[in-house]
Amino acid sequence: MVKLFFLVFILHIILISNILIINSSAATEEFEPEFGLAPEIDGDIDKGDDEWENASKEEILLKSESPTNEGLPVDIWVLQNNSALYISVQFELEDSARHLEEFIGIIISESESESEFIDAKIVQFSGLGGPSANFNYLDYYIRNDMFFQDSETNGDGAAKLHGNKIIYEFQIPVNESEGDDDRDVSLDFGETYAFKIVYGQSNTYPDDIKLSNVIEIEIAYPKIETRDPVEKALFIVAIVAFSSLGGIYGLYIYKIVVVGKRIKKIGR
């Protein structure tokens, strides 16, 4: 009886552990991007200009369907301003010389739903291990899990290898859509959208890829730009000064007119 009790107890623990593991692996990452200055989309991070300084930063895991294939840990940075959403994906390559080409893609849903991913922004990086390394930014729309290139390119992207660390950067316009016929997602202020990060080593999208869990990003409303207190004070001083000069000039003209009238009267 005691053995049966412990057997049931152990099975119960194993069952609960498996449920927790499954649930944790399916967890959704949520981002509320901070506002900051627009970074230059070039694959470089200029700390002197405080690029990405205010970005929300998390480490996530990109996983493939193969159980024997280990996941790829990446850092994801998310930043926003009044005109665009900025996303940076960074990770370490085990051996950059072995990588002839690879890509990072960001696929976007029309809403918070993860079942309607219709837009893809992709940076294809070639020649990573040599001096002729180069990248291409590609804009795709998705239908029935097939990728089709847009007739118009919406947004921007870049990549660069720094030693064994690779940096991808993306700029996605907010509240603006180019090429609506190709079903680009138009990101609107105050709305939340589902994203996924896609990684692969060939351009046969979406074959042989690693994929993130759903990432929900809430697009914040535009910030009202306020003047710096010093600028505001100088602006007020300038208004007062120009108003005073205008008043003095008006008084000067008035006196000239009055004197002119008096001269005319004396002449008569």
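Listed here are the pairs 47/160; 63/121; 63/165; 47/196; which of them are more than 22 Å apart at the Cα?
Values: 47/160 16 Å; 63/121 19 Å; 63/165 19 Å; 47/196 27 Å.
Over 22 Å apart, Cα to Cα: 47/196.
Once amide H atoms are built 1.01 Å from N in the peptide plane, which residues 5 or more positions from residue 85, or in another chain, come under 5 Å H to H?
Here the answer is 172, 174, since their amide H atoms fall under 5 Å of that of residue 85.
Hey, got the dipole for the stretch 29-218? About the Cα centre, +1 on K and R Cβ, -1 on D and E Cβ, debye to the nearest 20?
Working: 11 positive and 45 negative charges, 163 e Å.
Value, rounded to 20: 780 debye.
So what J values fall out for the stretch 117-126 if you push phi through Karplus, 6.51 cos²θ - 1.76 cosθ + 1.60 with θ = phi - 60°, rounded to Hz, Gly and Pro as x?
My calculation for the stretch 117-126 gives 6, 10, 10, 9, 10, 10, 10, 8, 10, 10 Hz in order.
Report, to one decimal in Å, the Kirkwood hydrodynamic radius for the stretch 29-218 based on all distinct Cα pairs. Kindly include the intermediate steps, with their values, before the conclusion.
Values: mean 1/r = 0.0599 Å⁻¹.
Value: 16.7 Å, from the Cα pair sum.
Taking θ as phi - 60°, what are the ³J(HN,Hα) couplings along the stretch 155-166 by the Karplus curve (6.51, -1.76, 1.60), each to the nearest whole Hz, with x for Gly and Pro?
x, 7, x, 7, 8, 7, 9, 10, x, 9, 9, 10
Where a number appears in this text, it was derived from the coordinates with a stated rule and is not lab data. What you are looking at is a predicted structure, and each value in this text was computed from that prediction instead of being measured. Positions of Cβ are generated from backbone atoms using ideal geometry, with glycine treated the same way; all protein chains shown enter the neighbour counts.
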